[in-house]
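Participant: Submitted below is the structure of interest, expressed as structure tokens.
All of the numbers you see were taken from the coordinates with simple rules; none came from a lab. Just so we're clear, the structure is a prediction, and the values are computed from it rather than from any experiment. Ideal geometry is used to build each Cβ from the backbone, glycine not excepted, and the neighbour counts take in all protein chains shown.
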Amino acid sequence: MNYLMRLTLATVLIGFSISTSTTAAEPAFRFPRSSPESQGIASAEILAFVEAADTQTDALHSFMLVRHGQVVAEGWWAPYGAEIPHTLYSLSKSFTSTAVGMAVAEGRMSLDDLVLPCFPEDAPNEPSDPLKAMRVRDLLRMSTGQHAEPKFGTETNWIRTFLAEPVVHKPGTFFLYNTSATYMLSAMVQKATGMTVLDYLRPRLFEPLGIENPTWGTSPEGITLGGYGLSVRTEDIARFGQLYLQKGQWNGRQLVPAAWVEAATARQTANGSNPKSDWDQGYGYQFWRCRNNAYRGDGAFGQYCIVMPDQDAVVAITSGVKDMQAVMNLVWDRLLPAMRAAALPANDADQQKLERALANLRLRPQSGAASSPRAAGVKGKRYRFPAEDSSMIDAIGLDTDGAGNVILVVQRQGVEQRVACAHAGWQKGRLTLGALPEQPVAASGAWVADDTYVAKLCFYETPQCVAVKLQFTGDQVVMDAEYNVAFGPTRQPQRVGRIQ
């Protein structure tokens, strides 16, 4: 969506500016735990995967490996944690697909339902024949016939925007990854059931799986976003993958029809021919086909639910990476060959090494000195940015607390927020900008030169971290901000503030 392409500091802090809903669930399900060796995987080989991910990316946030229904390895890179939800981005699409499958099974809709008759009040005055021919199955397969993805901006009627986009190909013949199409699926489920996708899935999926308090944004029309916006925990991702691995069965109940699981995860449309790319293996119903006869749901910046039927395994990963294929390669190069058909002899020493490594994972904090000769001179001062350049923040400064820790002070719209920055570690807090909602944040900071302080802010319910560099000279500060990942440029325009 074009409004999500502008990931400035403000948009990272709010996560999503649209409304979200929460739900209480039945008591949490937890996978049974067992040693890797008992499930046919050597602990040393899992450790090699974790070390490679840690050293080559510094961007994985969590990892869980399930084999034969048992969790054999799990870890979170602090400040991320087991009970903290994580934004899924387009991995949300696979959950929307599941809602469609359930609604189809209940007879509320069908794959051959035409899209246009569901929304007569939003139809173009003279709809084209290809638009009239578009069906639910075309939305599911990302084969709407549109040559460009409709972009939802500030307008309040997203359905009308979607239907107004020209359909220049025969639906079902042209693959175009299309988040707007998933939104339309969500809208059609809501039309068919009278409930948002989130509310519809609560008793049918989330509660049986023990997924507690899922949140999912809604559009200005009050429709679950569908293609993105869902936040759950890492183990929740793994449960969802295990449900599909078990052909829709869970605790003796058939939550999702087995026929839907087969169809949704099969190759429904071609999308490329590169044998080395996991984005060229075909597309199902809001699931990607993978190499090695696997399939997955995935989301921007490295949110993965990888299902490996041949190995009876599920891999759940959250991260903030630019190169998503690199993470997939690690799974195929390190984990796939490690999975044996039979149990291995116990190896307590290697298992303990793996457990220690997993227990001590953390994102790298900001490196540098704890203090600087310049620190006393800037303490307590506020550096104001020009009014025409203050869309992000009005002013910034540094303070210290009673223990000598550096406090980053951010001011916007008359509201001052203070964030403690740990040296050589992470300090959790909350940050809000003006009237925008609070966002959990973990901060790490250090002086990288006598005149330069860097605060690294990790918004640990999302993939985003931002490094804010402040260079002090005389009565001014030069601020540079750069994100680890973004839909647009990661480096923000430089800004100059002066003592107010």
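Participant: Arrange Arg30, Arg291 by Cβ neighbour counts within 10 Å, fewest through most, would you?
Facilitator: With the sparsest Cβ surroundings first, the list reads Arg30, Arg291.
Participant: Would you give the gap between the C-alpha center of the range 355-413 and the C-alpha center of the range 157-183, rounded to a whole Å?
Facilitator: 44
Participant: Let me ask something else about it. Return the whole-Å distance between the Cα centroid of the range 225-302 and the Cα centroid of the range 442-500.
Facilitator: When both Cα centres are located, 37 Å separates them.
Participant: For a 32 Å ceiling on Cα separation, which of these pairs sit above it: Lys322/Lys353; Lys170/Lys276; Lys93/Lys170; Lys151/Lys428?
Facilitator: Going by Cα-Cα distance, Lys151/Lys428 fall outside the 32 Å limit.
Participant: Within a 10 angstrom radius of the beta carbon, how do Glu212, Glu461 rank from fewest other beta carbons to most?
Facilitator: Glu461, Glu212
Participant: Another question, if that's okay. Which residue, chosen from Ala259, Ala78, Met142, occupies the Cα position most advanced towards the positive end of the dipole of the chain, where the dipole is computed from +1 (Lys, Arg) and -1 (Asp, Glu) charges on Cβ about the Cα centre?
Facilitator: Ala78
Participant: Next question, about the same structure. Rounded to the nearest 20 Debye, what is the dipole magnitude of the chain about its Cα centre when Lys and Arg each give +1 and Asp and Glu each give -1 at the C-beta?
Facilitator: Taking the Cα centre of the chain as origin, the dipole is about 220 debye.
Participant: Based on Cβ point charges of +1 for Lys and Arg and -1 for Asp and Glu, what charge dipole magnitude is obtained for the range 337-384 about its Cα centre, in debye rounded to the nearest 20?
Facilitator: Charge dipole of the range 337-384: 800 debye, to the nearest 20.
Participant: How large is the charge dipole for the range 320-440, taken about the Cα centre, if only the Cβ atoms of Lys, Arg (+1) and Asp, Glu (-1) carry charge, to the nearest 20 debye?
Facilitator: That gives a dipole near 240 debye.
Participant: For the chain, what does the relative contact order come out to in percent, with C-alpha contacts under 8 Å and a separation of six or more?
Facilitator: This gives 18 percent for the chain.
Participant: Next question. What are the extents of the Cα atoms of the range 375-499 along their three principal axes, listed from largest to smallest and rounded to whole Å?
Facilitator: So the three principal-axis extents are 36, 35, 26 Å.
Participant: Out of all DSSP beta bridges in the range 375-499, what portion is antiparallel? Express it as a percent rounded to 5.
Facilitator: 95
Participant: Which net charge results for the neighbourhood of Ser35, defined as the other residues with beta-carbon distances under 14 angstrom from its beta-carbon, given Lys and Arg at +1 and Asp and Glu at -1?
Facilitator: Once all neighbours under 14 Å are counted, the net charge is -2.
Participant: Now for a separate question. Quick one: length gained pulling His169 to Ala258 fully straight, 0.36 nm per residue minus the C-alpha distance?
Facilitator: Taking 0.36 nm per residue and subtracting the Cα distance, the gain is 28.9 nm.
Participant: With point charges of +1 on the Cβ of Lys and Arg and -1 on the Cβ of Asp and Glu, referenced to the Cα centre of the chain, which listed residue (Pro203, Ser94, Gln268) lies farthest in the positive direction of the dipole?
Facilitator: My answer, from the dipole projection, is Ser94.
Participant: Still on this model: First select every other residue whose beta carbon is under 10 angstrom from the beta carbon of Arg296; then total the charges, Lys and Arg +1, Asp and Glu -1.
Facilitator: -1
Participant: If we count every other residue with Cβ under 13 angstrom of Thr161's Cβ, Lys/Arg +1 and Asp/Glu -1, where does the sum land?
Facilitator: Combined, the nearby Lys, Arg, Asp and Glu give -3.
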